[in-house]
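The values are calculated or read from the model by the stated rules, or taken from the named source; none is laboratory data. Remember, it's a predicted structure, so these values are computed and weren't measured experimentally. When we count neighbours, we look across all protein chains shown, and the Cβ atoms used for this are built from the backbone with ideal geometry, even at glycine.
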């Protein structure tokens, strides 16, 4: 049986935060567009890029609130929140406690009516118990599912019905034996997200691409109508020389190519990282080198 969490203002707060984040990003983009290429537009674009991760973070947690569900079967309890699933086997559950104050600060993220993270509670014998919290109420309104290794603080809308359903399914016994674990959505399971080197390369590529857009936007009004975007090596001069001049508008393709390459290489790296970490890192390094190359080309724009 699927139990929804207790209703709370956390949903409205989440929606308000997402709307505010989207509105800020939209206003920055609109202001940059209305100004046209130039220093002010470049600064607005950089600010929008800097705020984008925070906007995505807020949207993810709002999604977590609206996706929160507690599912009871004869085999166990599944707590669904955003891209994660907590699987708790029925046979691992020792007892259920009434909610109680956290004995340590909640390590996670919270706003009124939405509490998710890790903390410690003390059971009826005053023993500390590491607890994962997936709730929409304060601790007093929660119930705590206890296992030998972890506890889970949840807040079903009808806790009495939840406990009755738990007792009934426990008496019936499990159909299959589950393993207690955290399950992630496929896109979130990639080991790349836990690799500091891979994340650093992704961040470097993103930063270089943002700087490429910003540099081009800043300098665009002062560039000539035709520019050099292709160079070849001259063995006589022993240096690179410009090819045919291109219309200035074509230079916008360069950071677009860089962004497309970064997204494609990043997605492929995430897919193969678990089996071939070095190959994934080389893909990301290649994407960063493309950004560097495009930055060099942009810095040399000029008339023939």
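Values for this structure:
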| item | result |
| --- | --- |
| Subset tally (residues that are exposed (fewer than 15 other Cβ atoms within 10 Å of the Cβ) and either more than 21 Å from residue 8 (Cβ to Cβ) or touching a helix residue (DSSP H, G or I) at 6+ places or on another chain (Cβ under 9 Å) (or both)) for region 67-78 | 1 |
| Contacts under 7 angstrom Cβ, first residue in region 18-44 being modelled with pLDDT under 90, partner surrounded by 14 or more Cβ atoms within 10 Å (Cβ to Cβ), 6 or more apart | 35/41 |
| Positions within region 160-183 being closer than 17 Å to residue 98 by Cβ and without any contact (Cβ under 8 Å) to a residue 24 or more places away in the chain, in sequence order | 160, 164, 167 |
| Condition met for residue 224 (modelled with pLDDT under 75, farther than 24 Å from residue 287 by Cβ and in the same structural domain as residue 299 (by TED's automatic domain parsing)) | no |
| From the options 107, 122, 100, residue that is under 26 Å from residue 167 (Cα atoms), in the same structural domain as residue 5 (by TED's automatic domain parsing) and free of Cβ contacts under 8 Å to residues at least 24 places away in the same chain | 122 |
| Among the candidates 161, 200, 185, 204, residue that is surrounded by 11 or more Cβ atoms within 10 Å (Cβ to Cβ), within 29 Å of the chain's Cα centre (by Cα) and under 30 Å from residue 85 (Cβ atoms) | 200 |
| Lone qualifier among 147, 130, 136 - being over 21 Å from residue 1 (Cα atoms) and assigned by TED's automatic domain parsing to the domain that holds residue 5 | 130 |
| Among the candidates 59, 135, residue that is surrounded by 16 or more Cβ atoms within 10 Å (Cβ to Cβ) and modelled with pLDDT of 95 or more | 135 |
